[in-house]
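Comments concern the structure below.
The values are calculated or read from the model by the stated rules, or taken from the named source; none is laboratory data. Quick caveat: nothing in here was measured; it's all calculated off a predicted structure. A quick note on method: Cβ atoms are made from the backbone with ideal geometry, for glycine too, and the neighbour counts reach across all protein chains shown.
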Amino acid sequence: MRMKLLLPLLVLSFFHAYGQENKPTTQPKIIAIKAGRLIDGISNTVISNAFIIIEGEKIVAVGPDVKVPAGAEVIDLKNATVMPGLIDCHTHITGQPNNFYDDIFRRSPIDDAVTAHIYAKRTLEAGFTTVRVLGARDYVDIALRNAINRGDIVGPRLICAGLAIGATGGHGDLNGFSPYLNFNNFSNIANGTDEIRKLVRTNIKYGADVIKMIATAGVLSEEESVGAPQYMLEEMKAMVEEAAMWGKKVAAHAHGTEGIKRATMAGVASIDHGSFLDDEAIRLMKEKGTYLVADIYNDDYILAEFAKLGYPEKIIEKERKVGRTQRESFQRAVKAGVKIAFGTDAGVYPHGWNGKQFAHMVRWGQTPMEAIKAATVNAADLLSWSDRVGSITVGKLADIIAVDGDPLKDITEMEKVKFVMKGGVVYKK
Ligand code: ARG
């Protein structure tokens, strides 16, 4: 009886020991970053001469008194300012404009799909380790996200909306052409609460992380208005309620005052663009805790370049109506204490230039530290990813960047990111 039991036990323990010895070394790599100046995303002051210890993809220790573990690889950033990886809450990473008519008639979503990786890499190298993608044709954003997550290509962590949901004739529709012209894209058009709920579900079915609502008219499309509301309150409420049922937040493209108020009342998580804010809109957003994601760099680029790209004068004229007003709205919102998250609409201007917006945010009312927080801890909160990204604290993913100078003294340092780490892997040095 005893012998019978002993033999299998011996065999088992042999294999156990053998297995242990031959296991590939799965010890996670340990890295120590020496940070001359550290902005951790939480504190309002800069911490001098801190160490950040990274084990595998996570931060395991941080602070001035932290000891470097034996055998750790040391990355020396003692002359730099080290910060959390930046987050852009409003991008269209799958493309950027080349020519108005070429883009419509000669490029399909397949063209987007084969070139999107270029923009993903540029964005990451600019220091943006996480971005929200608020609308892409035919779920190209989701395929891109999945390829990045698999490690097939290099890019930021993506939170994707799939198809941006809009009304017939609205900003998300293709307007101004013959009624006989049809494209065979996946339709992003939904009217009435039933169609809206169905399109929310379809987006989620194909992998959307967030829902994008086209709440008002816009600039870079051929509808007449730039800010008229394009959904009824009831339709917006249905979209938010349906998304919430699946655990998703809604981001609203909204320029005009009435549409901003409706979307805020419907419970969207962010008002994106937010060009025409009146006092009541600001009050409502504060009351509801709605984030403002204002792309206040865009105007410079559109007015300088878009006529050359063949955009109709009507569209350029719409931009002239929103540009300055949007910046003044941003300034008033900042002063009133509306929650601000960084979002640029990258893809309207070249990907990788995302950092140019920091200087505008400072010019229009934020301190450099507030602007940096908008792109780190606040953005992470809007994305419901505070447990993962947005600060250099224990337990977070090691998404870490550095600039040479002091961005609190010269905010344009944010345009010159020198070091990029995502999940403990260095992408730029
Ligand atoms: N995608 C936006 C739209 O077409 C871009 C607006 C850009 N202009 C601005 N001032 N932010 O409406």
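Remarks
- Residue check, V394 under 16 Å from the mean Cα position of the chain (by Cα), part of a loop (DSSP other than H, G, I, E, B) and hydrophobic (A, V, I, L, M, F, W, C): no
- Hits in segment 271-281 - residues which are more than 14 Å from the ligand (Cβ to nearest atom) and touching a strand residue (DSSP E or B) at 6+ places or on another chain (Cβ under 9 Å): A281
- Test: residue in segment 362-379 that is modelled with pLDDT of 95 or more and within 14 Å of the ligand (Cβ to nearest atom): yes
- Some residue of segment 167-183 being farther than 27 Å from W385 by Cα, aliphatic (A, V, I, L, M) and free of Cβ contacts under 8 Å to residues at least 60 places away in the same chain: yes
- Restricting segment 253-267 to residues that are within 16 Å of the ligand (Cβ to nearest atom) and not in a helix (DSSP H, G or I) leaves a set whose member that is farthest from N203 (Cα to Cα) is G256.
- When L199 is tested against (1) at pLDDT below 95; (2) under 20 Å from K248 (Cα atoms), only condition (1) is not met.
- Any hit, segment 208-226, residues being of a type in the set (G, A, S), in contact with a Lys or Arg (Cβ under 8 Å, 6 or more places away or on another chain), more than 16 Å from the ligand (Cβ to nearest atom) and part of a helix (DSSP H, G or I): no
- Verdict on E222 being without any contact (Cβ under 8 Å) to a residue 24 or more places away in the chain, surrounded by 14 or more Cβ atoms within 10 Å (Cβ to Cβ) and not hydroxyl-bearing (S, T, Y): no
- Residue that is nearest to the ligand (Cβ to nearest atom) [pool: residues in segment 283-305 that are more than 20 Å from the chain's Cα centre (by Cα) and crowded, with 21+ Cβ neighbours inside 10 Å]: I302
- Evaluated against (1) over 24 Å from the mean Cα position of the chain (by Cα); (2) away from the ligand (no atom under 16 Å from the Cβ), Y231 falls short on exactly one condition, (2).
- Filtered residues of segment 306-319 (kept if of a type in the set (A, V, I, L, M) and either near the ligand (Cβ under 9 Å from one of its atoms) or over 19 Å from V226 (Cβ atoms) (or both)): I315
- When V250, V338, V322 are checked against the criterion of being among the aliphatic types (A, V, I, L, M), touching a residue at least 12 places away in the same chain (Cβ under 8 Å), within 16 Å of the ligand (Cβ to nearest atom) and in contact with a strand residue (DSSP E or B) (Cβ under 8 Å, 6 or more places away or on another chain), a single residue qualifies: V322.
- Where helices (runs of 4 or more DSSP H) sit wholly within segment 95-165, those with at least 2 residues that are more than 13 Å from the chain's Cα centre (by Cα), in contact (Cβ under 8 Å) with a residue 40 or more places away in the chain and under 27 Å from V389 (Cα atoms) occupy 109-125, 140-150.
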